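A short worksheet on the structure shown next.
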Amino acid sequence: MSHFRWNLLPRLDEKRLNCPGYSPLLVQLFYNRGITDPVDFTQFLASDSRLLNDPLLLPDAEKAVARIYRALLSGEKIAVYGDYDADGMTATAAFVLGLRALGGDAVPYIPHRQTEGHGLATGALKILREQGVGLVVTVDCGITDVLQVKKAKNLGLDVVVTDHHTPLDEIPDAVAIVNPKLAGSAYPFSQLAGVGVAFKVLQALFRSLGRDDRLEWLLDLVAIGTIADLSPPLAENRYLIVEGLKRINNEPRLGIGELIKQTRLEVGGLDSDSISWIIGPCLNAAGRMADGLTGYNLLVTESPQEAAELADWLARKNRERQEMTTKILAMAREEVQEGGLQPLLIAAGKDYPLGIAGLVAGRLAEEFYRPSIVVHTTETQSHGSCRSIPEFNMIAALNHFSHFFSRFGGHSQAAGFTMPTSELPELESGLIKLAAGELECVELMPHLDIDARVNLPDLAGDAFASIQSLAPFGIGNPVPLFLSQGVEVLEKRTMGNDGEHLRLKLRQGGSVWDGVAFRLSNHRDELSSRLDIVYNIEVDNWQGKNQLRLNILDLKSSA
């Protein structure tokens, strides 16, 4: 019945669990997230400005500031070159607004996903130069654009790269490269999103100009980009997310406020899930379905009419994207299952749209627990979007085959490439062979890292509030998962339009809880009277009433 491998994390000894001022359960959760010094507990929970690092510790930060300052002094036109996803859009908006606040002549450039792709495009650089641009500052891109930066120099353009993607062996010959992942970086935190790196460069610039503006007015953009890009809500990111969410809930900028209305969210109640599942996808829909510049315009507009029109357009495009994703996923699922599943999945063809290839690859990786690649092909060129599992480093794998690519880059879990279509079969066989070797001894089944074994009565009182004090959650700080064993089933029934979910009433030690197990109704008749369950605790808002319930991720009959 179980769909996952259950990995119960080691329980601390009683001496370490006994920490004055903190419940043993909270101490266990801290340790599971790598926070082992009680001195750091308070700072983690406070998520205040003590988590901020000195921006001048970033590689080349001083060089970047010096070149931008020279452009500001001379009135030189500066292009902020971003990306078409939510991280890139928010980074572009934040940097343009920051430069304009200093009197800078700043213009945005967001490439078109279908015609230009990720990163610097030589054609765009030529256009910017013809428009009088002398300095290009990249945000959320540029670290792998060695050839494009060289061509920019030949055009008479200076380039400052700010990025957070993994550098390759060769880095661009730019005026400055600001990236916390560069070898030898002294920056204490390497997991900033693209918008986070851009924000830190602005901090350094404002500080160097004697401006004491702490740039809180940009933190809503930083929070949206950081959450949407799945950057871990740890260390400095915690401050950026928490403060940004406060601004969104207290005084959302015009475009975001309209998007909140369109998506039926409530100002004052937005959390990181609201950004991950609703706001971020709506912004991403612009780049996936049409033009990423529309998302940028929503973020910076000062016109109520324009904000309303753009928010409506984005919400509609996101619905279109959802429908298309469902259709294309079914096609990709059928392709990768033909002839048996390989250790690495590849679906390729002209009918896989560029804009949603990454989403479909992510769904395949999640469903089959294998690294997955979806490729949009034309007669001459192919563009691949890659998603992976923790046991397989995708960018390292692509690096083995770099001779095939005209462009590639990304992270260990998400990457992309462009290459000649004629060489795609050879790449496919090479990657599958590499994955087969690396994953030979890996059980290709998703696992659940369980924070603690508890009894249901242990979750009474202020346990939920204590757990929620660790929010915002995300990669690196996941929603806490618990295991309860021998739980008695009092009631069981299906729920949902298609009856695909299970609603349970459970009892243990006199404590009774409601629970829901999504997409597990097919196991209803297999359930014994006592279960072992893995779950998190969530608030169920039903008919205006808030009630705690167990969100059951997996279950099996008790031994």
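Remarks
- The chain: antiparallel DSSP beta bridges as a percent of all, rounded to 5: 60
- Relative contact order of region 341-438: 26 percent, from C-alpha pairs under 8 Å at least 6 residues apart in sequence.
- Whether region 1-55 is rounded, prolate or oblate, judged on the alpha carbon gyration tensor where a/c under 1.5 counts as rounded: oblate
- Under the criterion of Cα pairs below 8 Å and six or more residues apart, the relative contact order for region 448-557 equals 24 percent.
- Based on the Stokes-Einstein relation at 4 °C and a viscosity of 1.567 mPa s, and on the Kirkwood radius from alpha carbon pairs, region 341-438 is assigned a translational diffusion coefficient of 100 µm²/s.
- Over region 391-464, the alpha carbon radius of gyration divided by the compact-protein estimate 2.2 N^0.38 Å works out to 1.79.
- Proxy reagent accessibility, fewest Cβ within 10 Å first, across Lys545, Lys350: Lys545, Lys350
- Counting only lysines at least 8 places from Lys246 when in the same chain, those with an alpha carbon closer than 25 Å to its own are Lys200, Lys261, Lys545.
- Straight Cα distances below 26 angstrom link Lys556 to the lysines Lys492, Lys505, with same-chain residues fewer than 8 positions distant left out.
- Taking the Cα centre of region 55-314 as origin and assigning +1 to Lys and Arg Cβ atoms and -1 to Asp and Glu Cβ atoms, the resulting dipole is close to 540 debye.
- For region 448-557, dividing the convex hull volume of the Cα atoms by the residue count gives 120 Å³ per residue.
- Nearby lysines by direct alpha-carbon distance to Lys77 (threshold 21 angstrom, same-chain neighbours under 8 apart not counted): Lys63, Lys126, Lys150, Lys151, Lys153
- Of all DSSP-defined beta bridges confined to region 341-438, some 75% are antiparallel rather than parallel.
- Sequence of Thr162, Thr115 once ranked by neighbouring C-beta atoms within 10 Å, starting from the fewest: Thr115, Thr162
- Qualifying GluC sites (Glu not before Pro) in region 78-186, DSSP loop, other Cβ atoms within 10 Å at most 15: Glu170
- Near Asp540, the amide H atoms lying under 5 Å from its own belong to Gln547, Leu548, Arg549; only residues 5 or more places off or on other chains count, and H is placed 1.01 Å from N.
- Sequence of Met89, Met289 once ranked by neighbouring C-beta atoms within 10 Å, starting from the fewest: Met289, Met89
- Average projection area in nm² (convex hull over Cα atoms of region 55-314, one quarter of hull surface): 12.7
- The chymotrypsin sites (Phe, Trp or Tyr not before Pro) found in region 449-524 that occupy coil by DSSP, while having at most 13 further C-beta atoms within 10 Å, are Phe518.
- Span-like helix criteria (full DSSP H runs; alpha carbon extent of at least 15 Å along the helix axis; mean Kyte-Doolittle hydropathy of at least 1.6) are satisfied in the chain by no helix.
- The Kirkwood hydrodynamic radius of the chain, based on inverse pair distances between different Cα atoms, is 25.2 Å.
- Mean separation of Cα contacts under 8 Å, 6 or more apart, over the residue count of the chain: relative contact order %: 12
- Here region 361-519 is described by how far its Cα atoms reach on the three principal axes: 66, 35, 30 Å, from widest to narrowest.
Read-outs throughout are calculated quantities, based only on the coordinates presented, and are distinct from any laboratory measurement. Not measured: the values here are computed from a predicted model. Note that each Cβ is placed from the backbone with ideal geometry, even for glycine, and that neighbours are counted across all protein chains shown.
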